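Participant: I'd like to ask some things about the structure below.
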Amino acid sequence: MSVPEFDLAFEPAYGRAVPIAPGAERMTVNNPSAFTFHGTNSYIVGGPSVAVIDPGPENDAHFAALMAALKGREVTHIFVSHTHRDHSPLAKRLKEATGALTVGEGPHRAARPLHEGEINPFAESSDTDFRPDIALGDGESVSGDGWELTALLTPGHTANHACFALEGSGIVFSADHVMAWATTIVAPPDGSMADYMASLERLLARDDRLFFPGHGGPVKEPASFMRGLRTHRRMRERAVLERIRAGDRLIPDMVKAIYRDTDPRLHGAAALSVLAHLEDLVGKGQVETDGPPALFGTYRLA
């Protein structure tokens, strides 16, 4: 596959637990947007004793639906893939209702310190209150009655992003790192393109058969799809270099050319993606700028 073939087919089935694999169900929050597709996916893993993955945002209807789906089952753990407000805030209320332990890589943090005068454009999207009861390192596992989930640390979208592998199944809950419907937003300073690409390689080195992401439907051929994502990102990097070679010096000019066919509502996110590529290119010595890479900086070939 040269570029990823995105799959937009998805039925969110709001308020309903949908079986997706033996011992696994999906529930989708009714919070659709340009960034969340049809909404955030929560997952329930196990049988009489279960874990919940990414309970979602503060949403009364989703909380009620989750509690109804969990009735009669013991919830022992609540896994959080990363601390964006569409994934983690409901963990607090679910923990209070069930007594479950929260699990994640760690609290929210940026991929790098803010530069002088820089504002984090995703600051309001970050859940800075979440602190996991159990902080997992890469390859560390938590098990319950009939299930075992292993943390695959995949920084890039956020510094604390983790996927969770369901041992013995070939299934990975890939959250926002790999999604069938779209590419992942990598937006500095929350995200890092160098980290994201390294995390792709981390998952490509595995032999998983199915990904269930944080938004949209499953990734059915993950290795092929991730190779397409890698190619796509490399093509974007080349496009940035070509725009600089053509005389563009500012990110807004690059975005207008590279993303001319993209929904204008997403151009702000596209600018941050270009910045992420430029940070990586500056780090690799291929592009130069005055001071640290910034949204309104001026860029030139090294």
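Participant: Out of Arg202, Arg243, Arg265, Arg234, report the one residue that is more than 26 Å from His161 (Cα to Cα) and outside any loop (DSSP other than H, G, I, E, B). Before the answer, list the steps.
Facilitator: Numbers: Arg202 fails: more than 26 Å from His161 (Cα to Cα); Arg265 fails: more than 26 Å from His161 (Cα to Cα); Arg234 fails: more than 26 Å from His161 (Cα to Cα).
Unique residue meeting the criteria: Arg243.
Participant: Then there is this: Looking only at the stretch 272-302, count how many residues are part of a helix (DSSP H, G or I) and surrounded by fewer than 20 Cβ atoms within 10 Å (Cβ to Cβ).
Facilitator: Counting residues in the stretch 272-302 that are part of a helix (DSSP H, G or I) and surrounded by fewer than 20 Cβ atoms within 10 Å (Cβ to Cβ) gives 2.
Participant: Scan the stretch 209-231 for residues that are touching a helix residue (DSSP H, G or I) at 6+ places or on another chain (Cβ under 9 Å) and in a helix (DSSP H, G or I) and report the count.
Facilitator: So the answer is 6.
Participant: Scan the stretch 207-215 and tell me whether some residue there is farther than 21 Å from His82 by Cβ, touching a residue at least 40 places away in the same chain (Cβ under 8 Å), open to solvent by 70 Å² or more (accessible area, probe 1.4 Å) and not aromatic (Phe, Trp, Tyr).
Facilitator: No, there is no match, as no residue in the stretch 207-215 is farther than 21 Å from His82 by Cβ, touching a residue at least 40 places away in the same chain (Cβ under 8 Å), open to solvent by 70 Å² or more (accessible area, probe 1.4 Å) and not aromatic (Phe, Trp, Tyr).
Participant: Another one. Going by the structure shown, is Ala9 free of Cβ contacts under 8 Å to residues at least 40 places away in the same chain, surrounded by fewer than 17 Cβ atoms within 10 Å (Cβ to Cβ) and of a type in the set (A, V, I, L, M)?
Facilitator: Taking the combined requirement at face value, the residue does not satisfy it.
Participant: Being open to solvent by less than 70 Å² (accessible area, probe 1.4 Å), among the charged types (D, E, K, R) and in a helix (DSSP H, G or I), is that true of even one residue in the stretch 249-257?
Facilitator: Yes.
Participant: Another question, if that's okay. Residue under question is Ala187, and the condition is that it be part of a helix (DSSP H, G or I), under 22 Å from Pro4 (Cα atoms) and not aromatic (Phe, Trp, Tyr); does it hold? Full working, then the answer.
Facilitator: On the way: part of a helix (DSSP H, G or I): no; under 22 Å from Pro4 (Cα atoms): yes; not aromatic (Phe, Trp, Tyr): yes.
The answer is no for Ala187.
Participant: Among the residues of the stretch 13-23, is there at least one that is without any contact (Cβ under 8 Å) to a residue 24 or more places away in the chain, out of contact with any strand residue (DSSP E or B) (no Cβ under 7 Å at 6 or more places or on another chain) and not acidic (Asp, Glu)?
Facilitator: For the stretch 13-23, residues without any contact (Cβ under 8 Å) to a residue 24 or more places away in the chain, out of contact with any strand residue (DSSP E or B) (no Cβ under 7 Å at 6 or more places or on another chain) and not acidic (Asp, Glu): absent.
Participant: Check whether at least one residue in the stretch 111-130 is out of contact with any Ser or Thr (no Cβ under 8 Å at 6 or more places or on another chain), modelled with pLDDT of 95 or more, open to solvent by 10 Å² or more (accessible area, probe 1.4 Å) and not in a loop (DSSP other than H, G, I, E, B), and report yes or no.
Facilitator: No, the stretch 111-130 contains no residue that is out of contact with any Ser or Thr (no Cβ under 8 Å at 6 or more places or on another chain), modelled with pLDDT of 95 or more, open to solvent by 10 Å² or more (accessible area, probe 1.4 Å) and not in a loop (DSSP other than H, G, I, E, B).
Participant: Then there's this: Within the stretch 159-175, which residues are surrounded by fewer than 24 Cβ atoms within 10 Å (Cβ to Cβ) and among the small types (Gly, Ala, Ser)?
Facilitator: Hits for the stretch 159-175 are Ala159, Ala165, Gly168, Ser169, Gly170.
Participant: Determine which single condition Pro48 fails, assuming it passes every other condition in (1) of a type outside the set (A, V, I, L, M); (2) under 20 Å from the mean Cα position of the chain (by Cα); (3) at pLDDT below 95.
Facilitator: (2)
Participant: Please enumerate the residues belonging to the stretch 219-242 that are in contact with a strand residue (DSSP E or B) (Cβ under 9 Å, 6 or more places away or on another chain) and buried (at least 20 other Cβ atoms within 10 Å of the Cβ).
Facilitator: Answer for the stretch 219-242, where residues must be in contact with a strand residue (DSSP E or B) (Cβ under 9 Å, 6 or more places away or on another chain) and buried (at least 20 other Cβ atoms within 10 Å of the Cβ): Val219, Pro222, Phe225, Met226, Val240.
The values are calculated or read from the model by the stated rules, or taken from the named source; none is laboratory data. Model, not experiment: these values are computed from the prediction. Note: ideal-geometry Cβ built from the backbone for every residue, glycine included; neighbour counts use all protein chains shown. With ligands, DNA and RNA removed, areas are computed over all heavy atoms of the protein, side chains included. Shrake-Rupley method; radii C 1.70, N 1.55, O 1.52, S 1.80 Å.
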